[in-house]
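Q: Before we start, here is the structure in question, set down as C-alpha cells.
FYI, it's all coordinate maths here, none of it is from the lab. Since the model is a prediction, treat every value here as computed from it, not as a measurement. Note: ideal-geometry Cβ built from the backbone for every residue, glycine included; neighbour counts use all protein chains shown.
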Amino acid sequence: EPEQLGPGAFLFRQYATPLAGELLDGIRAVSALSPFRQMMTPGGRRMSAAMTGCGDVSWVTDRRGYRYSEVDPETGKPWPAMPPAFSGLARDVAERAGFAGFEPDVCLINRYRPGARMGLHQDKDEQDLQWPVVSVSLGLPAILLWGGLKRGGSPARLRLEHGDVLVWGGEDRLRYHGIAPVPDGRCDATGHVRFNLTFRRAR
Ligand code: MD3
Ligand code: FE
C-alpha cells in the first residue's frame, strides 16, 4: 500500500491522519519545554523554518556548525523525552518499509509558517546511515523537492499533505531534498502552519 519512490523510499499517504491529534499534543508538550526557535546557519543566515526537538539528542545549527547536541542550547537542559506516540509511529512505519528494529533517538520538529522553506540539503550528520529517516507531515500542504545523490539537476516535486509519512533509507538515504516556500492556507488541525517530524538514529 505505500507508493515506492525509489529503491529505499516509500510514501505512506495519510498514514498518520488517525494519529494527528496525539502527535499535535506531543508537539505542544515538547515545545512547552523546548520552544520553537529559528536557528542560525553557519553562514549567518536565520532559517525560515522554526525548530525544536525531542529524544536523547537533537539537531542544532549555529555559527559554529551543524551537530547533534544532548542539551537544548536555548534552555541549557536536556531535550524533552520523545512522546511514546512518536516513537511507536516511527518504528511501525519503518518496519512496513523493510527497516525492522528502527529505534529513533531523535525527533526533529520543524514548523513552517506561510513563506517558510528549506533549501536543498542532505541529512548526513547521523553516525549510522544504515537507518532510514522517517518524516511525518501535519497541517498545511507543501511541495517536497527531491533530487539526486549529488548536487545539481532539477529536483522532482511531490505534494505532501496532512498525515503523509515518508521513509527514506538504503540508496535513497542521501538524496538531496528540500521544501518549497509553503503557500498560505488554513488547516483545521493546525491553522496557518505546517509541521514536519523527522525521526532519525543519530548515534
Ligand atoms: C531524508 N525536513 O528536517 S522531511 C529535515 O519537511 C528536512 O521539514 C523537511 O529535510 C521537512 O532535514 C523534509 C522529508 C525528507 C525528504 C527527503 C529525504 C527527508 C529525507 C531524502 C533523504 C533523506
Ligand atoms: Fe532533511
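Q: List pairs: first residue in region 97-113 and of a type in the set (Lys, Arg), second residue not in a loop (DSSP other than H, G, I, E, B) anywhere in the structure, Cβ distance under 7 angstrom, at least six positions apart or on different chains.
A: Every condition considered, the pairs that remain are ARG111/ALA50; ARG111/PHE195.
Q: Restricting attention to region 1-33, which residues are exposed (fewer than 12 other Cβ atoms within 10 Å of the Cβ) and assigned to a helix (DSSP H, G or I)?
A: PRO18, GLY21, ARG28, ALA32
Q: Shifting gears a bit: Can you tell me which of (1) surrounded by fewer than 20 Cβ atoms within 10 Å (Cβ to Cβ); (2) aliphatic (A, V, I, L, M); (3) under 27 Å from GLU1 (Cα atoms); (4) touching a Leu at 6+ places or on another chain (Cβ under 7 Å) is the one ALA142 doesn't meet?
A: ALA142 satisfies all of (1) surrounded by fewer than 20 Cβ atoms within 10 Å (Cβ to Cβ); (2) aliphatic (A, V, I, L, M); (3) under 27 Å from GLU1 (Cα atoms); (4) touching a Leu at 6+ places or on another chain (Cβ under 7 Å) except (1).
Q: So which of GLY153, GLY185, GLY170, GLY147 ends up being surrounded by fewer than 20 Cβ atoms within 10 Å (Cβ to Cβ), more than 10 Å from ligand 1 (Cβ to nearest atom) and free of Cβ contacts under 8 Å to residues at least 40 places away in the same chain?
A: Just one listed residue meets the conditions, GLY153.
Q: Related question: For region 92-121, how many residues are within 16 Å of ligand 2 (Cβ to nearest atom) and either exposed (fewer than 15 other Cβ atoms within 10 Å of the Cβ) or within 28 Å of GLY191 (Cα to Cα) (or both)? Steps first, answer last, please.
A: Of the residues in region 92-121, the ones within 16 Å of ligand 2 (Cβ to nearest atom) are 104, 106-112, 116-121.
Filter once more, keeping what is either exposed (fewer than 15 other Cβ atoms within 10 Å of the Cβ) or within 28 Å of GLY191 (Cα to Cα) (or both): 106-112, 116-121.
Total satisfying the criteria: 13.
Q: Which numbered condition trips up GLY163, out of (1) more than 23 Å from ALA50 (Cα to Cα); (2) away from ligand 2 (no atom under 12 Å from the Cβ)?
A: (1)
Q: Being surrounded by 15 or more Cβ atoms within 10 Å (Cβ to Cβ) and over 16 Å from TYR112 (Cβ atoms) is the requirement here; does PHE36 meet it?
A: Values: surrounded by 15 or more Cβ atoms within 10 Å (Cβ to Cβ): yes; over 16 Å from TYR112 (Cβ atoms): no.
Against the criterion (surrounded by 15 or more Cβ atoms within 10 Å (Cβ to Cβ) and over 16 Å from TYR112 (Cβ atoms)), PHE36 does not qualify.
Q: Which of the residues belonging to region 122-139 are within 10 Å of ligand 1 (Cβ to nearest atom), among the polar types (S, T, N, Q) and surrounded by fewer than 16 Cβ atoms within 10 Å (Cβ to Cβ)?
A: GLN122
Q: Any idea which of (1) within 23 Å of ALA94 (Cβ to Cβ); (2) in a loop (DSSP other than H, G, I, E, B) is the one LEU166 doesn't satisfy?
A: (2)
Q: Just the residues that are closer than 20 Å to PHE36 by Cα and touching a strand residue (DSSP E or B) at 6+ places or on another chain (Cβ under 7 Å), please, taken from region 84-122.
A: Listed by number, the residues that qualify are PHE86, ASP105, VAL106, CYS107, LEU108, ILE109, ASN110, ARG111, TYR112, ARG117, MET118, GLY119.
Q: Taking region 122-146 on its own, how many of its residues are touching a Gly at 6+ places or on another chain (Cβ under 6 Å) and within 16 Å of ligand 2 (Cβ to nearest atom)? Lay out the reasoning, then the answer.
A: Taking region 122-146 and keeping what is touching a Gly at 6+ places or on another chain (Cβ under 6 Å), we get 132, 140, 145.
From what is left, the residues that are within 16 Å of ligand 2 (Cβ to nearest atom) are 132, 145.
Number of matching residues: 2.
Q: I've got another one for you. Which condition number in (1) in contact (Cβ under 8 Å) with a residue 12 or more places away in the chain; (2) more than 19 Å from SER69 (Cα to Cα); (3) more than 15 Å from the chain's Cα centre (by Cα) is the one that ARG28 fails?
A: Every listed condition holds for ARG28 apart from (1).
Q: So which residues in region 1-27 are of a type in the set (D, E, K, R) and either out of contact with any Phe, Trp or Tyr (no Cβ under 8 Å at 6 or more places or on another chain) or within 12 Å of VAL93 (Cβ to Cβ) (or both), if there are any at all? I'd like the intermediate steps shown before the answer.
A: If we filter region 1-27 for residues that are of a type in the set (D, E, K, R), which is where we start, we get 1, 3, 13, 22, 25.
Passing the criteria: GLU1, ARG13, GLU22, ASP25.
Q: Only one of these conditions is not met by VAL60: (1) surrounded by 19 or more Cβ atoms within 10 Å (Cβ to Cβ); (2) touching a residue at least 40 places away in the same chain (Cβ under 8 Å); (3) within 15 Å of ligand 2 (Cβ to nearest atom). Which number is it?
A: The number of the failed condition is (2).
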